[in-house]
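Each remark here refers to the structure printed beneath this line.
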Amino acid sequence: MTDLTLEEKASLTSGSDTWHTTPIGEAVPALTLSDGPHGLRRQAEQGDALGLGDSVPATCFPPAVALGSSWDAHLAHRVGEALAREACALGVDVVLGPGVNIKRSPLCGRNFEYFSEDPHLTGVMGAAVVTGIQSLGVGACVKHFAVNNQETDRMRVSADVDEQTLREIYLPAFERIVREAKPYTVMCSYNRINGVHASQNRWLLTEVLREEWGFDGLVMSDWGAVNDRVAALEAGLDLEMPPTGTDEEIVEAVRSGRLPEAVLDLAASRLLELVRRGEGRASFEGWDLDAHHELAREAARASAVLLKNDGDVLPLRQGQRVAVVGELARTPRYQGGGSSHVVPTRLDNAWEALGRPAFAAGYRLDGQPDAGLSREAVAAASEADVTLVFLGLPEAAESEGFDRTTIELPAVQVALLREVAEVCPKIVVVLANGGVVSVAEWQEHASAILEGWLLGQAGGSALADLLTGAHSPSGRLTETIPNRLTDVPSHLHYPGGDGHVRYGEGRYVGYRHYDTLDADVAYPFGHGLTYSRFTYSDLDARETGGDEWSVEVTVTNAGERFAHEVVQLYVAFDEERPSRPRHELRGFAKVGLEPGDSERVRFALAGRDIAQWSVSRKGWRIDAGAFTVEVGASSRDIRLRAELTSRGDGYAAPLDRMSTLGEWLAHPEGSRALKQLLQGAPGLDRTDPALLRLAMGIPLAKFATFGIGLTSEVVDGLVAAVRGDG
Ligand code: BGC
């Protein structure tokens, strides 16, 4: 560091253009950064940050909405590795992905770039992508850190979230990825968190990310997220992207003493370390286009979710007359708009992959009614035994940069479905959408629904593989499909206004809300059908050490086809009046089995899996007592349960004068001290129960006010006794 001038060090902490870090002579080469997350958007020249200009062709893998639905971490790792191979071939040092924000509302315009409403699933899938990317020495960039759950006002809005919710819902995926996958870089988000911009949030970027989680990489800004460069550097942001031409201000700030030089040195040294890591990047001359397309197809196949299949209408049977209806079968929607937009190396469509059966476009993608098109569709469907109706959201409906205001399909498409269903007895709806769409209004017209999300460039052939039965569907929902938008827990608090969005639903995001309240949903978290059936047996849950447990279960393919099951493990807390989510996902395993075959699936649980964030402790707290492990095929399809016990971590919130009688009695030393004091007094058990209940909520210091003996001195004495200084 000593051999660099102040100016050179400042230059390292911002880019040289939209996609490059700043070089210094021969010694420090520029690094190339490229979106991300599901394919390379390598722009030839300086480029733009919004996906407006073209990029060189690269494989468009399924976006996270789909890849997450595979519930297959190994597959995600392989996709990450393929991304890295393309990055190497295209001279890219850091891939700007994965995106691991939590889906708080189905309206978020960027939900297609994120994995799930659940932090455990998001963390596991995100970590797998990162280790895949970094296996070839390419850097990953985990984004957008943090609490970037909407596009509305994304550059200014303050996400106002309580600490427990942050720790339990919005931060754990980042934490897991940082701890387990050690990403080279993290990208801060645009928004503010409880009033402070992520880019200048020292608590977030330094205390939590580095000091608690041990992150040793570089933090870069989202494109344009820096508002005050000095404050950002001080908070722990190392690299401003793209540059705003303010290096001189940094030099000046150091010279005037406003910015300690050591802060600049640290940021510059992290950039140099990233450059050093980049020297380990593999180099390839291009890549095998076919092999990557095939991987994209495999990933797409693993990601589509069969929501419904009444009367086993799928798979299609030999000899059936099949009609395909819907422009989306021919003009697929396979990725979302904005910075993640990839120019694919090729593009499959389902209609061709199905062998070009009878086809009618049915509707216009711009949503304008067209009676002629629907007439043709009805004619085609009336000649068919089965009609595959491709419906979904057009590009204009969802993208980075704005949120949706509805989760309904375009009205012309729903109208078409109704017409077609009148003339053809077997209707299969195939969906293409990045954010969840409601099925409540129209699903009665469909025997089967295959949710295809946005499946990447090979989605068309992957769908054909599933529809024909060449492969069995194996995707599962990573987010609940609600009946109505107004059922969504964040609904009254989304997207906020006046510069703030209040996370009023707290920890009750997605299934944590619906399952705790036992509320009806269209399809629950974790749901997905296949062409076979699975049974669960021999659950064995036991303690293996101090607050460590193992859970084992046997899963058997009891059907007639090879298929996959996604075995899900939840920890549950049965409480009469819930003070925490009723259950939470803590493990999953995807197993492929031949008919009749079984597999023993094993999970490990640790104290953290049942812990809650304690605000008073400023840390995790594990309560002693019983909890339940649930194993099943969705959050609403629990097959087996077992009870386990935790010894707890012995933590009890410290008592003070204002702790209530109830808190004193629940506290081990507190209750001892209190009972000693009350020796000889009429027993609590003989007090009128209603009065006792009332008394339980009264802070000890207030008892004197009610004329119940405990003077201030006595209370002080008790406090001193429990703190060990009396
Ligand atoms: C997006 C990031 C992206 C960056 C560079 C921003 O608008 O939020 O996800 O990586 O642009 O394109």
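The values are calculated or read from the model by the stated rules, or taken from the named source; none is laboratory data. Given the structure is predicted, the values throughout are model-derived calculations rather than measurements. Every residue, glycine among them, receives a Cβ derived from its backbone with ideal geometry; neighbour counts consider all protein chains shown. Heavy atoms of the whole protein, side chains included, go into the accessibility calculation; ligands, DNA and RNA do not. Shrake-Rupley method; radii C 1.70, N 1.55, O 1.52, S 1.80 Å.
Mind putting together the pair-distance distribution for region 296-340? All Cα pairs, 5 Å bins, whole percent per bin, short to long.
P(r) for region 296-340, in whole percents per bin: 5, 12, 14, 24, 26, 11, 4, 3, 1.
Can you work out D for region 314-410 in µm² s⁻¹ from Stokes-Einstein, where Rh is the Kirkwood radius over C-alpha pairs, the temperature is 25 °C and the viscosity is 0.890 mPa s?
Reported coefficient: 164 µm²/s.
Summing +1 for each Lys or Arg and -1 for each Asp or Glu, what net charge is found among the other residues whose Cβ lies under 10 Å from the Cβ of residue 117?
Charge balance in the 10 Å sphere: +1.
Going by Cα centres, region 250-289 and region 540-592 are how many Å apart?
43
Using a 1.4 Å probe on the protein heavy atoms only, what accessible surface does residue 574 show? Give it in Å² to the nearest 10.
We get 110 Å² for residue 574.
To the nearest 500 deg cm²/dmol, what mean residue ellipticity at 222 nm is calculated for the chain from DSSP H runs of n ≥ 4 alone, each contributing -39,500 (n - 2.57), summed and divided by the residues?
Roughly -7500 deg cm²/dmol at 222 nm, from the helical runs in the chain.
Below 8 Å between Cα atoms, with a sequence gap of 6+, how large is the relative contact order for the chain in percent?
Relative contact order, the chain: 13 percent.
Using the scaling law 2.2 N^0.38 Å as the reference, what is the normalised Cα Rg of region 341-459?
1.07
For the residue pair residue 371 and residue 318, what label-to-label distance in nm results when each label sits 7 Å from Cα along the Cα-to-beta-carbon direction?
Going from the residue 371 label point to the residue 318 one covers 4.5 nm.
For 426, 618, 590, give me the order by solvent-accessible area with a 1.4 Å probe, most accessible first, ignoring ligands, DNA and RNA.
From most accessible down to least: 618, 426, 590.
For region 126-178, what is the largest minus smallest coordinate of the Cα atoms on each principal axis, given in angstrom and ordered from greatest to least?
In descending order, the Cα extents are 38, 24, 10 Å.
Just the accessible area per residue of the chain, please: how many Å² with a 1.4 Å probe?
38
How do 314-321, 175-182, 232-239 rank on mean C-beta neighbours within 10 Å, highest first?
My ranking of the peptides, most packed first, is 232-239, 175-182, 314-321.
Take every Cα pair under 8 Å in region 459-579 that's 6+ residues apart, average their separations, divide by the length, and report that relative contact order as a whole percent.
Worked out over region 459-579, it gives 27 percent.
Report the Rg/Rh value for the chain, based on alpha-carbon coordinates and the Kirkwood definition of Rh.
1.02
Of the accessible area of region 607-652, with the probe set at 1.4 angstrom, what percent is carbon plus sulfur?
46
At R0 = 60 Å, how high is the FRET efficiency between residue 552 and residue 708 if r is their beta carbon distance? Nearest 0.05 is fine.
The value I calculate is 0.65.
Just report the Cα centroid separation between region 324-380 and region 425-483, whole Å.
About 14 Å separates the Cα centre of region 324-380 from the one of region 425-483.
Sort out for me the Cα centre separation of region 607-658 from region 53-79, rounded to whole Å.
34
For a quick check of understanding: with a 1.4 angstrom probe and all protein chains in place, what accessible area in square angstrom does residue 471 have, to the nearest ten?
Rounded to the nearest 10, that gives 80 Å².
Give the lysines whose C-alpha is closer than 26 Å to that of residue 9, dropping any in the same chain fewer than 8 places away, or say none.
143, 182
Heavy atoms only, 1.4 Å probe, whole protein assembly: order 500, 513 by accessible area, highest first.
These residues rank, largest area first, as 500, 513.
So what does residue 334 come to for accessible area, using a 1.4 Å probe and Å² rounded to 10?
Approximately 30 Å² for this residue.
Leaving out same-chain residues fewer than 8 places away, which lysines sit with a Cα under 18 Å from that of residue 426?
Cα-Cα hits under 18 Å: 308.
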